[in-house]
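Asker: To start, I am sharing the structure in question, which I have written as structure tokens.
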Amino acid sequence: KEDIVRFVMDIQKERGITVVLVEHDLGVVMDISDRIYVLDFGEVIGSGTPDEVARNEKVIDAYIGEE
């Protein structure tokens, strides 16, 4: 997984292109994304920077859970 993430980041940086990544590992998503869209059963329930998404109540309820 780390190799694939590094490859995607290298391609993005080298070519200066936007990369759309579908990933379910929140650690990967939060580490490499500038902007995130979170879907729940096909509906966008959150979008924004990693910090904004991490604070979104709908995203927390659907994916992160409460500590």
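Quick note: the coordinates plus some simple rules give every number you see, no bench work behind them. If you're wondering where the values come from, they're calculated on a predicted model, not measured in any experiment. Ideal geometry is used to build each Cβ from the backbone, glycine not excepted, and the neighbour counts take in all protein chains shown.
Asker: Which angle from 0 to 90°, rounded to the nearest 10, does the C-alpha axis of helix 2-15 make with the longest principal axis of the chain?
Answerer: 60 degrees
Asker: Give me the one-decimal nm value for the distance between modelled label points at residue 57 and residue 35, 7 Å along each residue's Cα-to-Cβ direction.
Answerer: About 2.6 nm, to one decimal.
Asker: Let me ask something additional. What 222 nm value per residue comes from the helices of the chain, counting each DSSP H run with n ≥ 4 as -39,500 (n - 2.57) and dividing by all residues, nearest 500 deg cm²/dmol?
Answerer: Taking each H run of at least 4 residues, the total per residue is -11000 deg cm²/dmol.
Asker: Say R0 is 22 Å: what FRET efficiency, to the nearest 0.05, do residue 15 and residue 47 get from their beta-carbon distance?
Answerer: 0.35
Asker: What Kirkwood radius, in Å to one decimal, follows from the Cα pairs of the chain?
Answerer: Radius from the Kirkwood sum: 12.8 Å.
Asker: Give the long-range amide H neighbours of residue 45: residues separated by 5 or more places, or on another chain, with amide H under 5 Å away, using H modelled in the peptide plane at 1.01 Å from N.
Answerer: 38, 39, 40
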